[in-house]
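Take a look at the structure set out below.
The values are calculated or read from the model by the stated rules, or taken from the named source; none is laboratory data. The model shown is predicted, which means the values in this text are computed figures rather than measured ones. Note that we place each Cβ from the backbone using ideal geometry, even for glycine, and neighbour counts take in every protein chain shown. With ligands, DNA and RNA removed, areas are computed over all heavy atoms of the protein, side chains included. Shrake-Rupley method; radii C 1.70, N 1.55, O 1.52, S 1.80 Å.
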Amino acid sequence: MVQIVDRRLNGKNKSAVNRQKFIHRFRSQIKKAVADAVNKRSVTDLDKGEKVSIPAKDTSEPFFHHGRGGYRERVHPGNKEFQQGDKIARPDEGSGRGSKASDSGEGQDEFIFELTREEFLNFFFEDLALPNLVKTKLAAVNETKKVRAGHTSTGVPTNINVIRSLRNALGRRIALRGPYMDSLIEAEKQLEDLLKRYLETDNVVMIVRKEIEQLKEKIARIPFIDTFDLRYDNRIDRPKPITQAVMFCIMDISGSMGPEKKDIAKRFFMLLYLFLIKTYEKIQVVFISHHTEAHEVDEDTFFYSRETGGTVVSSALNLMSAIIQERFPTSQWNIYAAQASDGDNWDNDSKQCTKILAEQIMPYVQYYAYTEITEGRHQNLWHEYLTVKHQWDNFAMQRIEALTDIYPVFRKLFEKKNA
């Protein structure tokens, strides 16, 4: 059996294969370390690697060895305290964890393993997903995947189909031996009749024996397998449907959203944006900022603009609905939305928001996540949105009161649901 070992080296001269084995073995410890690191970091620092500490006792390799069977006697020089049959008390632990100095005992430091940015993000977003990602676009497909398509007589050795090749070889041998086997059976029957009338040394018997030997040689010369018999697994490229998704990020930048609330909202969307581009290749993100008016903006403007004004939330929802109708057919796109606001809005406009959501947005989106950034009592927009939540299962609401709430709220909104 041929065994291929991948010994390609990464940038730090460590085997990539061994690294993946190590990550797989200590997955639980690494995942816990990533969770601990998240609680210590700010959202803007998530896009980095992490150093993971693993106890030295956990890094030992399992192995087989002979057990200490039988009866043994040992003589320890200098023993003045114990006699045969005495039980020796367990010694005090001499190795500490760095809290106090010790004049006895020995130990090992914890093993430090550094995760790359890619590995850290894989663990960070492992349990998250966009809900109900089911629609697919079948037109203008630009991706393919390899699928089986029968067998072919040419190919590379790694694709040889052994069973099909041996079946062809067996059929060829049976077909080629057929005429010779018939002649051989007749010759052997003729020899049997001749031996009843003639001696072994007679010429007529010698001629038939020679004919039989020639027929057996011809049968033996038929090769067990020939290149003509070889068959290879054939694989062709088949177009692969691409799941298309768009995420609408709607952020309130009105005057009621003070600098701290805006900072929380931007950090929440930074985390969402990082999650989207890391997890899904084929996804578009539409950024909408609003005060009294709503505008579709680019990424830099969305995260770093200092524009402010009054509050009319319905302007953002109307703009989102118009963009969906114009650019994202609901039969071909998975549409998602995430909205962050302090909930402070005109009462009449809040009622208008629920009407727009119920009639123009919720029937067409896979998931809508609303985040209220406020302390204390809920604002009027929250109470209006409660009616939407009761009517639509794909509508979710959460509140963020401080920076430390960003990550827990994010996980609640986008936690992977079991099928």
- Scan the stretch 222-274 for residues that are over 25 Å from Ala337 (Cβ atoms), in contact with a Ser or Thr (Cβ under 6 Å, 6 or more places away or on another chain) and assigned to a loop (DSSP other than H, G, I, E, B) and jot them down. Leu230, Arg231, Lys240
- Query: Restricting the search to the stretch 155-177, which residues are surrounded by 11 or more Cβ atoms within 10 Å (Cβ to Cβ) and of a type outside the set (A, V, I, L, M, F, W, C)?
  - Reply: Gly155, Asn159, Asn161, Arg164, Ser165, Arg167, Asn168, Gly171, Arg172, Arg173, Arg177
- Task: Go through the stretch 224-247 residue by residue and tally those that are over 27 Å from Tyr364 (Cα atoms) and either open to solvent by less than 50 Å² (accessible area, probe 1.4 Å) or modelled with pLDDT of 75 or more (or both).
- Result: 14
- Task: Could you list, in sequence order, all residues of the stretch 282-308 that are part of a loop (DSSP other than H, G, I, E, B) and in contact with a strand residue (DSSP E or B) (Cβ under 9 Å, 6 or more places away or on another chain)?
- Result: Lys282, His291, Asp298, Ser305, Glu307
- Task: Report the residue count in the stretch 345-355 for those that are surrounded by 19 or more Cβ atoms within 10 Å (Cβ to Cβ) and either hydrophobic (A, V, I, L, M, F, W, C) or touching a strand residue (DSSP E or B) at 6+ places or on another chain (Cβ under 9 Å) (or both).
- Result: 2
- Item | Cross-chain or 6+ apart pairs with Cβ under 8 Å, the stretch 179-207 first and part of a helix (DSSP H, G or I), then open to solvent by 100 Å² or more (accessible area, probe 1.4 Å) | Leu184/Lys216; Val205/Leu199
- Message: So for the stretch 257-279 (the condition being open to solvent by 20 Å² or more (accessible area, probe 1.4 Å) and small (Gly, Ala, Ser)), does at least one residue qualify?
- Response: yes
- Note on the structure: Lys145 passes all but one of the listed conditions (1) modelled with pLDDT of 75 or more; (2) among the basic types (Lys, Arg); (3) open to solvent by 60 Å² or more (accessible area, probe 1.4 Å); the exception is number (1)
- Message: Looking only at the stretch 208-221, count every residue that is part of a helix (DSSP H, G or I) and either open to solvent by 50 Å² or more (accessible area, probe 1.4 Å) or at pLDDT below 85 (or both) and tell me the total.
- Response: 9
- Message: List the residue pairs whose Cβ atoms are under 6 Å apart, where the first residue sits in the stretch 345-371 and is within 22 Å of Gln325 (Cβ to Cβ), the second is of a type in the set (Phe, Trp, Tyr), and the two are 6 or more positions apart or on different chains.
- Response: Met362/Trp392; Gln366/Tyr336; Tyr367/Tyr336; Tyr368/Phe395; Tyr370/Tyr385
- Could you please tell me which pairs satisfy a Cβ distance under 7 Å, a separation of 6+ or placement on different chains, a first residue in the stretch 300-322 that is under 18 Å from Val365 (Cβ atoms), and a second residue that is part of a loop (DSSP other than H, G, I, E, B) and open to solvent by less than 50 Å² (accessible area, probe 1.4 Å)? Val313/Asn345
- Select from the stretch 365-419 the residues that are acidic (Asp, Glu) and in a loop (DSSP other than H, G, I, E, B) and write down the one among them that is farthest from Leu271 (Cα to Cα). Asp393
